[in-house]
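Read through the structure below, which is laid out as structure tokens, and then see the notes.
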Amino acid sequence: MDTGQACAPNVGPNDRVVLFDGVCRLCGAWAKFLIRFDRRRVFKLATMQSDQGKRILEWHGLPTDSGESMILIEGSHMYAKSSAFIRVMARFPLPWKLASVVWLIPRVIRDWLYDRVALNRYAIFGKHQSCVLPTPDHERRFLVADEPDRRRSNAHL
């Protein structure tokens with residue numbers, strides 16, 4: 001979708017934003033993992049159900065009601081499924097970075113495996129009745145709409 005801007009709303013050219021399903025327990029655990037081990041604060045988070053998450057999805061021409069895949073936004077680029085996972089893990093220090101070696105597996109196979117987990121995640125891990133709100137300590141890691149000054153302060157990441 002051509003909106004005249006290079007990046008989605010409130011996403012700068014150097015920003016890395018992970019969109020995840022806010023009601024999925026597995027996805028929530030993934031977000032907590034990112035917060036815990038992303039000590040350099042490379043990533044911002046947003047749930048797909050949030051207004052900001054929906055705006056980003058719409059900007060990239062993606063459905064706002066699915067949540068079947070984690071999405072990674074890097075500036076104006078969008079990655080989904082196993083490609084998003086690999087790109088995130090590649091930014092972490094060892095030993096976590098080693099998980100990115102799954103890029104050696106052909107994408108069609110990686111994404112098929114990713115889809116098996118994604119399609120069964122609620123049955124296996126359960127789901128929250130609503131999006132879990134971040135703790136005050138974690139809240140600053142989430143992308144907030146209409147805060148351009150906050151976005152610019154993270155442009156160096």
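Provide a single number: the residues in region 91-112 that are surrounded by 11 or more Cβ atoms within 10 Å (Cβ to Cβ) and modelled with pLDDT of 95 or more.
6
Which of the residues spanning region 39-85 are hydroxyl-bearing (Ser, Thr, Tyr) and surrounded by fewer than 17 Cβ atoms within 10 Å (Cβ to Cβ)?
THR64, SER66, SER76
Considering only residues of region 39-61 that are touching a residue at least 60 places away in the same chain (Cβ under 8 Å) and in a loop (DSSP other than H, G, I, E, B), which is nearest to SER82 (Cα to Cα)?
For region 39-61, the residue satisfying everything is PHE43.
Consider ARG25 against the criteria (1) within 15 Å of the chain's Cα centre (by Cα); (2) crowded, with 20+ Cβ neighbours inside 10 Å: it satisfies all of them except one. Which criterion is unmet?
ARG25 satisfies all of (1) within 15 Å of the chain's Cα centre (by Cα); (2) crowded, with 20+ Cβ neighbours inside 10 Å except (2).
If you scan region 68-107, which residues turn out to be small (Gly, Ala, Ser) and more than 11 Å from the chain's Cα centre (by Cα)?
Within region 68-107, GLY75, SER76, SER82, SER83, ALA90, ALA99, SER100 qualify.
Only one of these conditions is not met by GLY53: (1) modelled with pLDDT of 90 or more; (2) touching a strand residue (DSSP E or B) at 6+ places or on another chain (Cβ under 7 Å); (3) more than 22 Å from ASP115 (Cβ to Cβ). Which number is it?
(3)
Return only the number of the condition from (1) over 23 Å from ILE124 (Cβ atoms); (2) part of a loop (DSSP other than H, G, I, E, B); (3) within 12 Å of the chain's Cα centre (by Cα); (4) of a type outside the set (S, T, N, Q) that VAL17 does not satisfy.
Among (1) over 23 Å from ILE124 (Cβ atoms); (2) part of a loop (DSSP other than H, G, I, E, B); (3) within 12 Å of the chain's Cα centre (by Cα); (4) of a type outside the set (S, T, N, Q), VAL17 violates only (2).
The values are calculated or read from the model by the stated rules, or taken from the named source; none is laboratory data. Keep in mind it's a predicted model, so treat the numbers as computed, not measured. Please note: Cβ atoms are built from the backbone with ideal geometry, for glycine as well, and neighbour counts cover all protein chains shown.
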